[in-house]
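Student: First the structure, then my questions, so here it is.
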């Protein structure tokens, strides 16, 4: 690799699931973040806690939410996996919580950001959640 270039390599399988394609790889960026021979996109990762005041979010409830709220906004593809999370509560204690992690790759547009925000707001309201962790990074995507 030439100096000044950072390679972003992600498993073809995961990238394919995320983008709904079978042979997708992430491209390369220059040191200033400019994509080389690929398309600039955002990789958004959302972390959804499953505990709520009146029990946990069930797998069926999650699947309905995923279908109605996420897939309707991001029909081109996504990846979800189960996770065990922990966080410090307001009393200073560490709480543990089963979680779902959602990975999206999408254009860097106001509409896409609004769709992410819509997913977060619906989850918080539907499942009585304080927050959803939102992590975003710029990536270069080629197919």
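Student: Taking region 37-77 as the region of interest, how many residues are in a strand (DSSP E or B), closer than 20 Å to residue 117 by Cβ and free of Cβ contacts under 8 Å to residues at least 24 places away in the same chain?
Tutor: Final tally of qualifying residues: 0.
Student: So, residue 80, is that one under 20 Å from residue 141 (Cα atoms), in contact with a strand residue (DSSP E or B) (Cβ under 6 Å, 6 or more places away or on another chain), without any contact (Cβ under 8 Å) to a residue 40 or more places away in the chain and surrounded by 12 or more Cβ atoms within 10 Å (Cβ to Cβ) or not?
Tutor: Here the answer is yes, as residue 80 does meet what is asked.
Student: With respect to residue 80, determine if the residue is at pLDDT 95 or above, on the phi < 0 side of the Ramachandran plot, within 13 Å of the chain's Cα centre (by Cα) and not in a helix (DSSP H, G or I).
Tutor: yes
Student: State all residues of region 114-141 that are loosely packed, with under 15 Cβ neighbours inside 10 Å, over 12 Å from residue 45 (Cα atoms) and in contact with a strand residue (DSSP E or B) (Cβ under 6 Å, 6 or more places away or on another chain); if no residue qualifies, say none.
Tutor: 128 - this is the single residue of region 114-141 that is loosely packed, with under 15 Cβ neighbours inside 10 Å, over 12 Å from residue 45 (Cα atoms) and in contact with a strand residue (DSSP E or B) (Cβ under 6 Å, 6 or more places away or on another chain).
Student: Output the residue which, of all residues in region 109-127 that are in contact (Cβ under 8 Å) with a residue 40 or more places away in the chain and more than 13 Å from the chain's Cα centre (by Cα), is farthest from residue 58 (Cα to Cα).
Tutor: The qualifying residue farthest from residue 58 (Cα to Cα) is 118.
Student: To continue, here is another question. Just to be sure before I move on: is residue 95 farther than 16 Å from residue 41 by Cα, at pLDDT 95 or above and part of a strand (DSSP E or B) in the structure I sent?
Tutor: Values: farther than 16 Å from residue 41 by Cα: yes; at pLDDT 95 or above: no; part of a strand (DSSP E or B): yes.
Considered against the rule, which asks whether it is farther than 16 Å from residue 41 by Cα, at pLDDT 95 or above and part of a strand (DSSP E or B), residue 95 comes out as no.
Student: State whether one or more residues within region 97-108 are loosely packed, with under 15 Cβ neighbours inside 10 Å and within 16 Å of the chain's Cα centre (by Cα).
Tutor: Step one: filter region 97-108 for residues loosely packed, with under 15 Cβ neighbours inside 10 Å, giving 98, 107-108.
After this cut, where a residue has to be within 16 Å of the chain's Cα centre (by Cα) as well, the list is 107-108.
Looking for residues that are loosely packed, with under 15 Cβ neighbours inside 10 Å and within 16 Å of the chain's Cα centre (by Cα), one finds at least one in region 97-108, hence yes.
Student: Scan region 41-65 residue by residue and report those that are surrounded by fewer than 18 Cβ atoms within 10 Å (Cβ to Cβ) and out of contact with any strand residue (DSSP E or B) (no Cβ under 6 Å at 6 or more places or on another chain).
Tutor: Matches in region 41-65: 52, 53, 54, 55, 56, 58, 59, 60, 61, 63, 64.
The values are calculated or read from the model by the stated rules, or taken from the named source; none is laboratory data. From a predicted model like this one, the values you see are computed outputs, not experimental measurements. Don't worry about glycine lacking a Cβ; one is built from the backbone with ideal geometry, like all the others, and counts go over all protein chains shown.
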